[in-house]
Amino acid sequence: MIRPDAELLLDISDLHASVEDQPILKGVNLQVRAGEVHAVMGRNGSGKSTLSKILAGHPSYRVTGGSVRYRGDDLFALEPEERARLGVFLGFQYPVEIPGVSNLEFLRVATNARRDTQGQEELDTFEFEDHVREKLKVVQMDPAFLERSVNQGFSGGEKKRNEILQMALLEPVISILDETDSGLDIDALRIVAGGVNQLSSPDTASILITHYQRLLDEITPDYVHVMAAGRILRTGGRELAVELEQIGYDWVDEQLATEGVA
Amino acid sequence: MVNTVLAPVQKRGQANLEKLGLPTRRQEAWRLTDLKRLKAMASLPHVAGADQSSWPSVDQGVTRLVIGTDSDPLEGIQLPEGVSPLSEAELEQALGHTLDRCGCAEVWPVELNHAHSRRVLALRVRGSVAPLEIVLAAGDGLIATRVLLLLEEKAELDLLQVIPAERDNAAAPLAHSHVIEVHLGQEARLRHGLLASASGDTSLLAHLAVEQEPRSSYDFVSVCRGWRFGRLEPQVLQVDGQATTRLNGLAMTGGDEQFATHTGVCFQGPEGSLDQLQKAVAADRSHSIFNGAIQVPRAAQRTDASQLSRNLLLSSQARVDAKPELEIVADDVRCAHGATVSQLQQDQLFYLRSRGVAADEAAALLLKGYCCDVVDRLPSVAPSWLASSAVKDPARPL
């Protein structure tokens, strides 16, 4: 939903970043307002995942230029956990397995950290169990997964559901979902996309990083961006995704060549 | 009276200690040991008695025996059905037998115990019995305790040994020497936990000798934390093979602590099995040592043994030495071993932090996750100790 007067949640300006001294992002500009759904597409290696990790504060990535303001404040002044508590959520492309750490306990600690920042009361073990069981319905997840270690032995689809469950519990302001659709069969994709749709509101926004039109059939984007060579090369509406499905990315090389980048 | 049986043992121990002298670094088993600390602990005066106020109350259906004090551990205690003390004649016959068979009757830590222990808790177990707790009371100075357990054919027991030695740093030094001999008859089962939790200037030398008859099952779980100087030596002998041995250990060290675990398993017959996991977490400038010997002589065909040593280093100055020592002569066997040394995984830390969990809390969660596969295997009576101030949670941040 595009409302020009809606709150500017994320303002990315000329962002440059590198990993292991290799420049990856080379001037990303993107503004995300409340209520909007943005899709970021592009080939492998174009910088999509790097963008998501930078926004979440991954320590292996270094910002070398530009700025990101989250609700007016410098995002980079915040530790990863502070960003999460203030409502920035990254749905991982490859959710991490943590043997020995109970999923339920992890979810409770995370939920309470966010609630505390929002001025809400922390939930004790019993209250949290009721709370999480409600949220499980959003992703039609089996409660048995709460008893297991975080993501350990989960299938690809179960891991992605667990990500959306975390999103449901943390009630983020801005969600960056990094290839949440990868590795999902059609049914799982519908469930996960349905979860994201249920969780979106006029006050929140999401950035969907994806390779496929398929996800965008389920979650309608307001904007579609194509990333290449570390920046956003083209922006359009949902029709751009449909067009990409037909024409692929060959035009990207031509445009980069014209600009003398490639 | 038990003391009469021990008198000649004590005398022999003292003579042997004198003959042996202190171990030196030229001896392989002591190569990495801080011998100054060994000497300091051995020369502490003998004192008995301990403050028991922080101990948890005894769980229902469990019998607690306290050793290391001047009183008789069985005084005023009603032993569970199936458990009885050994007569002096039986004790005379059995004492030292398993140590001998395991080849460790004359090793230094055992001789130290011989020289100092004044009492032995000796029990016979028949049938399936209710859980036992043996608490090794620790006061100031050097305390030596000794236990002998005979599990008859088909006997079953859950045993938790606790050494609560949480003290403040200013407290006088404490040292504990402990020897336990266990004989498992055919088809007997022992689930044996050792929870040794210390802080301050504390030392521990604990030696276990376990003899297993065929089709018996011995499950040993040790969780040791906070000893400034410690050495745990479980030695298991499968006398005719065909038995099951599981060893799970966790050693947590911080500050300038040194803790060594020397395990030895010997199969003297065919078709025995061993499943061993030894974990260590070393923080600050601490030093954790693991030596895992497995002997599979020719008679031990079709042995199935696996040993894994996993080590977590929490500081760049911490040190871990892990050494598997496999001696395999039989040709039709499966013996797997491995050792890993790692740090806390950055991607796991980041995942937790990206969900709002503070960095230190994330590290604490990961540490707990690392320790739980050993801690959770302690016998069922362990949780009340883990929750008490006498022991505390061993997986808490270092």
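Data overview
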{"quantity": "Tally of residues being within 13 Å of chain B (Cβ to nearest Cβ), acidic (Asp, Glu) and open to solvent by 40 Å² or more (accessible area, probe 1.4 Å) across region A:135-175", "calculated": "1"}
{"quantity": "Index of the failed condition, B:Arg298 passing every other in (1) buried (at least 21 other Cβ atoms within 10 Å of the Cβ); (2) away from chain A (no Cβ under 14 Å); (3) charged (D, E, K, R)", "calculated": "(1)"}
{"quantity": "Test for B:Arg285: is it under 29 Å from B:Ala359 (Cα atoms), among the basic types (Lys, Arg) and open to solvent by 30 Å² or more (accessible area, probe 1.4 Å)", "calculated": "yes"}
{"quantity": "Strands (runs of 3 or more DSSP E) within region A:1-83 that include 1 or more residues β-branched (Val, Ile, Thr) and touching an Asp or Glu at 6+ places or on another chain (Cβ under 6 Å)", "calculated": "A:37-41"}
{"quantity": "Filter pass, A:Phe89 being at pLDDT 95 or above, open to solvent by less than 10 Å² (accessible area, probe 1.4 Å) and aromatic (Phe, Trp, Tyr)", "calculated": "yes"}
{"quantity": "Output for region A:201-246, where each listed residue is part of a loop (DSSP other than H, G, I, E, B), of a type in the set (Ser, Thr, Tyr) and open to solvent by less than 60 Å² (accessible area, probe 1.4 Å)", "calculated": "A:Ser201, A:Thr204, A:Thr210"}
{"quantity": "Hits in region A:93-105 - residues which are more than 7 Å from chain B (Cβ to nearest Cβ) and either of a type in the set (Phe, Trp, Tyr) or assigned to a strand (DSSP E or B) (or both)", "calculated": "A:Tyr94, A:Ser102"}
{"quantity": "Residues (at pLDDT 95 or above and in contact with a Lys or Arg (Cβ under 8 Å, 6 or more places away or on another chain)) located in region B:152-173", "calculated": "B:Glu152, B:Ala155, B:Glu156, B:Leu157, B:Asp158, B:Leu159"}
{"quantity": "Residue match in region B:336-348 (condition: hydrophobic (A, V, I, L, M, F, W, C), at the interface with another protein chain (Cβ under 10 Å from one of its Cβ atoms) and either closer than 22 Å to A:Val96 by Cβ or buried (at least 19 other Cβ atoms within 10 Å of the Cβ) (or both))", "calculated": "no"}
{"quantity": "Options A:Val32, A:Val63; residue that is closer than 28 Å to A:Arg214 by Cα, at pLDDT 95 or above and away from every other protein chain (no Cβ under 11 Å)", "calculated": "A:Val32"}
{"quantity": "Region B:355-389 - residue that is part of a loop (DSSP other than H, G, I, E, B), among the hydrophobic types (A, V, I, L, M, F, W, C) and over 18 Å from the mean Cα position of the chain (by Cα) and, of those, farthest from the other protein chains (Cβ to nearest Cβ)", "calculated": "B:Ala387"}
{"quantity": "Residue among B:Ala138, B:Ala130, B:Ala144 that alone is open to solvent by 30 Å² or more (accessible area, probe 1.4 Å) and among the aliphatic types (A, V, I, L, M)", "calculated": "B:Ala130"}
{"quantity": "Number of the condition not met by B:Gln242 [criteria: (1) within 26 Å of B:Leu86 (Cβ to Cβ); (2) free of Cβ contacts under 8 Å to residues at least 40 places away in the same chain; (3) not hydrophobic (A, V, I, L, M, F, W, C)]", "calculated": "(1)"}
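Each row is one residue, and each column tells you yes or no for (1) open to solvent by 20 Å² or more (accessible area, probe 1.4 Å); (2) not aliphatic (A, V, I, L, M).
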position: A:Asp5; (1), (2): yes, yes
position: A:Asp14; (1), (2): yes, yes
position: A:Pro23; (1), (2): yes, yes
position: A:Met41; (1), (2): no, no
position: A:Asn44; (1), (2): yes, yes
position: A:Ser67; (1), (2): yes, yes
position: A:Ala77; (1), (2): yes, no
position: A:Ser102; (1), (2): yes, yes
position: A:Arg108; (1), (2): yes, yes
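The values are calculated or read from the model by the stated rules, or taken from the named source; none is laboratory data. Computed from a predicted structure; not experimentally measured. Quick reminder, even Gly has a Cβ in these numbers, built from the backbone with ideal geometry, and neighbours come from all protein chains shown. For the accessible areas, the whole protein counts, side chains as well, though only heavy atoms, and no ligand, DNA or RNA atoms are used. Shrake-Rupley method; radii C 1.70, N 1.55, O 1.52, S 1.80 Å.
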